[in-house]
1. Rounded, prolate or oblate: pick one for the range 1-43, where a ≥ b ≥ c are the square roots of the eigenvalues of its C-alpha gyration tensor, a/c under 1.5 means rounded, and failing that, prolate if a/b is larger than b/c, else oblate.
2. Could you give me the ³J(HN,Hα) list for the range 45-57, computed from phi with Karplus coefficients 6.51, -1.76, 1.60 and θ = phi - 60°, whole Hz, x at Gly and Pro?
3. Go through the range 86-91 residue by residue and turn each phi into a ³J(HN,Hα) via Karplus (6.51, -1.76, 1.60, θ = phi - 60°); whole Hz please, and just put x for glycine and proline.
4. Across the range 27-35, in residue order, what do the Karplus-derived ³J(HN,Hα) couplings come to in whole Hz, using 6.51 cos²θ - 1.76 cosθ + 1.60 with θ = phi - 60° and x for Gly and Pro?
5. Filter the trypsin sites (Lys or Arg not before Pro) in the range 1-106 down to the DSSP loop ones having no more than 16 other Cβ atoms within 10 Å, then list what survives.
Amino acid sequence: MEKKKIYNETASLITNQALLNKLNNEELHFLLDLLDLVVVTNQQRPLIDVLHRWVNLSLSEENNALIKDVILNTDVNDQAQVDASIQFIEELLCTSTQVTEAKEGSEDEQFLDL
């Protein structure tokens, strides 16, 4: 019963965001498909994990747009597409994290030189 309530409330929130023009058609359909995968079929845990990592990182607008484009163009019912998208996003997240860490390290070194 609780699962059904969570599903209905989440679907309602997603739909309301679309009605308020805060989501485009692609975003609306992706989020509803994702909701079905997570709540109804309990599938695509690796995709959920990579999305969770993404939203918890601070990436450039360019990288965020690139990841969003990949996600919206992924057919979540095609496992080969999902796997390729996960791999691409993982690589981008790793590269972005390494660049951020390298930049922070060089800023620390500059501070120490003062």
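1. Here the range 1-43 falls in the oblate category.
2. 4, x, 5, 4, 4, 5, 5, 5, 4, 4, 5, 8, 10
3. Here the 3J(HN,Hα) series is 4, 4, 4, 5, 4, 4 Hz.
4. Taking θ as phi minus 60°, the curve returns 5, 4, 5, 4, 5, 5, 5, 4, 4 Hz for the range 27-35.
5. Values: sites: 3, 4, 5, 22, 53, 68, 103; in loops: 22.
Of the trypsin sites (Lys or Arg not before Pro), the ones in loops of the range 1-106 whose Cβ has at most 16 other Cβ atoms within 10 Å are 22.
Every number here is computed from the coordinates shown, using simple stated rules; none is lab data. Nothing here was measured: the structure is a model prediction, and the numbers come from that model. Ideal geometry is used to build each Cβ from the backbone, glycine not excepted, and the neighbour counts take in all protein chains shown.
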